[in-house]
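Here's the structure, in C-alpha cells; my notes come after.
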Amino acid sequence: NRKRGSSRRSSSRWGCPLRNNTLGKGLLGIYLSALVLLPVAALLAKAGSGGTSAFWREVTNPEALAAIKLTLVVSVIVVLVNAIFGTLIAWVLVRDEFPGKKIVNALIDLPFALPTIVAGVVLLALYGKGSPVGIDVAFTRASIALALLFVTLPFVVRSVQPVLHELDTSMEEAAASLGARPFTVLRRIVLPSLTPAIVSGVALSFARAVGEYGSLVLITGELPFKTEVGSVYVFGQISNEDLPAAAAVSVVLLLAALFVLGALTLVSRWRSKHVL
C-alpha cells in the first residue's frame, strides 16, 4: 500500500508535464509572446517611429480618417444586424424542425471555410455588374456591408446555439401556461439568458469586421472617400512603402476593436451576474 501510494503521488506530480504550473505558465508566455505580444509591440514601435506628431498627422490625414470612420460605422451597422438575425437563425436551428436543416446548419460555417478573396469573387459575381439576381451594388457602400455580413454571419449564430440547447424550457412553458404572451416570454425569460452569448458573438463580429480585407477588395473597388475601408487603406500604404502610415491606422483600428471587445465583455459579465 505504501509503495502504491508513493507511486500514485509520483505519477500525479510528474506524470503530466503540463501539471507543473511553472512549465505551463512558461509555455503560455512564450507562445503568446511569439504570436501576439511581439507583433503588437513591433506595430506600436513602427507607428510611433516618427513621434507623436507624425502619428497624429497620419491618422488625421483626410483619406485615412474617412477610411477609419467608414470602417467603424459600417462595422457597427453589421454587428447590429447580426445580433438580430444571428439570434433568429440560431433559434430556428435549435427550436424548429424542417427539411434540409442539417444542410442549412452546415452552410452557416461556410464563411469560415471559404477563403475571403474567394468570397469576394462570389459576391462580385452575384451582386456585381451583370448580376443573375438583378442586384448590382458593386463599388458602393452597400457592398461593404454585404461583404461584412457574409464573413461575420457565423459568430452570433454559433455563440447563441449552445446556450439555446442548454436552456431549460420549463420556465417558458410555465409562463405561457399562466397566460404570458410569446413576446413577453421572449423579453422576460429567453433574452436575459441569451444576452451574454449574443454580446460575445457581437464582439467577435465587430473585431472581424474591422480587420476584414479579402472579401472587400474586389467588390468595393477601393475608391478613396467612398468605399475605401481601413484595411484597404493600410494595404495601399504598404504598397506605397509608407509603413509608418499603415502602422498608425492599424493601431487605431486595433484600439477600436480592443475597446469594443473590452466594453462588451464587461457588459456580458454584468448581465450574467444580473441574470443569476
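The values are calculated or read from the model by the stated rules, or taken from the named source; none is laboratory data. A quick note: this is a predicted structure, and the numbers were derived from the prediction, not measured. Every residue, glycine as well, gets a Cβ built from its backbone with ideal geometry; the counts of neighbours run over all protein chains shown. We work out accessible area using only protein heavy atoms, side chains counted, and drop any ligands, DNA or RNA first. Shrake-Rupley method; radii C 1.70, N 1.55, O 1.52, S 1.80 Å.
At-a-glance table
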| quantity | calculated |
| --- | --- |
| Filter result for R57 (more than 27 Å from V199 (Cβ to Cβ) and at pLDDT below 90) | no |
| Test for V157: is it buried (at least 17 other Cβ atoms within 10 Å of the Cβ) and part of a loop (DSSP other than H, G, I, E, B) | no |
| A175 being touching a Ser or Thr at 6+ places or on another chain (Cβ under 9 Å) and modelled with pLDDT of 75 or more | no |
| Hey, D136 open to solvent by 30 Å² or more (accessible area, probe 1.4 Å), among the acidic types (D, E) and either touching a Ser or Thr at 6+ places or on another chain (Cβ under 8 Å) or within 20 Å of E222 (Cβ to Cβ) (or both) or not | yes |
| Test: residue in region 221-237 that is over 24 Å from the mean Cα position of the chain (by Cα), crowded, with 17+ Cβ neighbours inside 10 Å and either over 22 Å from L72 (Cβ atoms) or without any contact (Cβ under 8 Å) to a residue 12 or more places away in the chain (or both) | no |
| Yes/no for G128 being free of Cβ contacts under 8 Å to residues at least 40 places away in the same chain and either open to solvent by 20 Å² or more (accessible area, probe 1.4 Å) or over 21 Å from F235 (Cα atoms) (or both) | no |
| Considering residues of region 170-215 that are surrounded by 13 or more Cβ atoms within 10 Å (Cβ to Cβ) and hydroxyl-bearing (S, T, Y) only, the residue farthest from V76 (Cα to Cα) | S193 |
| Region 65-124, subset of a type in the set (F, W, Y) and part of a helix (DSSP H, G or I), residue surrounded by the fewest Cβ atoms within 10 Å (Cβ to Cβ) | F112 |
| Residues of region 43-62 classified as in a helix (DSSP H, G or I) and open to solvent by 50 Å² or more (accessible area, probe 1.4 Å), total | 9 |
